[in-house]
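Structure first, commentary second.
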Amino acid sequence: KNEVEQSPQNLTAQEGEFITINCSYSVGISALHWLQQHPGGGIVSLFMLSSGKKKHGRLIATINIQEKHSSLHITASHPRDSAVYICAPVGGNTDKLIFGTGTRLQVFP
Amino acid sequence: ETGVTQTPRHLVMGMTNKKSLKCEQHLGHNAMYWYKQSAKKPLELMFVYNFKEQTENNSVPSRFSPECPNSSHLFLHLHTLQPEDSALYLCASSQVIRVSTDTQYFGPGTRLTVL
């Protein structure tokens with residue numbers, strides 16, 4: 001079993017829909033990163049959080065350390081949100097990123 | 001624009017060739033990283049450099065040879081690669097080496113195909 005599980009693996013949506021991507025992990029962590037990878041390959045860091053909730057524009061990230069779970073929400077989705085979203089917890093004892101396999105999101109007009 | 005550039009963006013090479021990937025960061029960061037991303041697999045950390053010194057080699061085969069002449073430049077020298085080494089190679093940098101508190105900035109990647 002992978003240390004980091006993301007669901008769903010693939011997601012399609014119509015423009016304007018509310019999107020939720022889930023991340024569960026099995027190890028103790030000190031923080032968690034959400035990353036966005038566009039089709040060209042480049043990766044952008046969206047959030048780094050260790051508790052509660054963070055919001056940036058239409059994006060919201062939440063984390064529940066006790067339940068070992070984090071979610072990324074996109075409100076009013078847009079075709080430009082189409083990308084792979086990667087959850088990457090930071091191992092508590094190792095200070096190393098543990099990468100999920102990503103969720104591929106396609107938003108259609 | 002992330003401030004981290006990589007060249008070339010695409011590379012096709014034979015198994016007997018020698019080539020190099022280059023990464024440059026314009027952010028004044030002190031830590032630099034090489035990652036490998038194979039199809040359908042999570043990102044894998046390969047090497048970490050902090051203030052030009054290698055601090056981590058994640059059991060990478062010796063056919064991959066990194067070089068960090070200064071905090072702004074990172075190279076990955078390739079020789080006698082195998083077809084399974086075909087992947088997207090990503091460079092990243094961060095101000096400090098602590099990922100629990102610091103954000104990494106990624107380059108666009110080099111898509112490598114080994115024939």
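The values are calculated or read from the model by the stated rules, or taken from the named source; none is laboratory data. Predicted model, so just to flag it, every value in this text is computed and none were measured. Glycine also receives a Cβ, built like all others from the backbone with ideal geometry; neighbour counts cover every protein chain displayed.
The table for this structure:
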{"item": "Segment B:67-80: number of residues that are without any contact (Cβ under 8 Å) to a residue 40 or more places away in the chain and closer than 21 Å to B:VAL12 by Cβ", "result": "0"}
{"item": "Failed criterion for A:ILE86 (all others in (1) buried (at least 21 other Cβ atoms within 10 Å of the Cβ); (2) over 19 Å from A:VAL107 (Cα atoms) hold)", "result": "(2)"}
{"item": "Selection from segment A:61-82 of residues that are within 21 Å of B:TYR105 (Cα to Cα) and surrounded by fewer than 22 Cβ atoms within 10 Å (Cβ to Cβ)", "result": "A:ARG80, A:ASP81, A:SER82"}
{"item": "Residue match in segment B:5-27 (condition: at positive phi, in contact (Cβ under 8 Å) with a residue 12 or more places away in the chain and out of contact with any helix residue (DSSP H, G or I) (no Cβ under 9 Å at 6 or more places or on another chain))", "result": "no"}
{"item": "Matching entry among B:GLY3, B:GLY14 (being within 13 Å of another protein chain (Cβ to nearest Cβ), farther than 16 Å from A:LEU35 by Cα and at pLDDT below 95)", "result": "B:GLY3"}
{"item": "The one condition in (1) over 14 Å from the mean Cα position of the chain (by Cα); (2) free of Cβ contacts under 8 Å to residues at least 40 places away in the same chain that B:VAL60 fails to fulfil", "result": "(1)"}
